[in-house]
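The structure appears below as structure tokens.
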């Protein structure tokens, strides 16, 4: 008998954490280690930063175009972040799911709630905690990219972000980057094997039990 098809529906993977807890680094390592995962490309009203390319890093749009897309229901989630807005276009997400591709999202709890409301059964929510607030502050200062005022702001905001940990499916403590990455990869592997994502199982089981 032929083996069951491993054709599956795609997966939406959310990694959230307070700034400095490691989600961006883990996202980058996951993308490098797993060719089946691609990064979601958001639309944003902020201007490009040095080295960023349109339609590779972000879809850069003005406020008028963002309003049009939002009114037309073209986003599966959107949120204001500091002085700008970010949104995830709906069409490429649906196309990826149908094609069995996995999409990684680096979004906050507000975007995650919207994404869960729109695409719940296809979504896996992972929240990453720092081992301590002192370690979180140390990591922020070690990056040497923020002023003392920005670090203080991010630390003040971290407690609010962490308060939403219970809204996620999995919660990891990032004591060590490699160990945390391994945990994320284990979660992704298990989620891919869930029954509801195995498109080829229904005809296989039907053939398996058919009278001979």
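The values are calculated or read from the model by the stated rules, or taken from the named source; none is laboratory data. Since the model is a prediction, treat every value here as computed from it, not as a measurement. A quick note on method: Cβ atoms are made from the backbone with ideal geometry, for glycine too, and the neighbour counts reach across all protein chains shown.
Tabulated results
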quantity: Test for residue 22: is it under 18 Å from residue 168 (Cα atoms), buried (at least 17 other Cβ atoms within 10 Å of the Cβ), out of contact with any helix residue (DSSP H, G or I) (no Cβ under 8 Å at 6 or more places or on another chain) and in contact (Cβ under 8 Å) with a residue 24 or more places away in the chain; calculated: no
quantity: Subset tally (residues that are in a loop (DSSP other than H, G, I, E, B) and either under 10 Å from the mean Cα position of the chain (by Cα) or under 19 Å from residue 82 (Cα atoms) (or both)) for region 22-40; calculated: 1
quantity: Residue match in region 28-48 (condition: modelled with pLDDT under 90 and either closer than 23 Å to residue 142 by Cα or surrounded by fewer than 15 Cβ atoms within 10 Å (Cβ to Cβ) (or both)); calculated: no
quantity: Any hit, region 114-124, residues being part of a helix (DSSP H, G or I), without any contact (Cβ under 8 Å) to a residue 12 or more places away in the chain, out of contact with any strand residue (DSSP E or B) (no Cβ under 8 Å at 6 or more places or on another chain) and surrounded by fewer than 13 Cβ atoms within 10 Å (Cβ to Cβ); calculated: yes
quantity: Residue within region 104-121 that is under 21 Å from the mean Cα position of the chain (by Cα) and modelled with pLDDT of 95 or more present; calculated: yes
quantity: Residue in region 49-59 that is surrounded by 14 or more Cβ atoms within 10 Å (Cβ to Cβ) and closer than 30 Å to residue 194 by Cα present; calculated: no
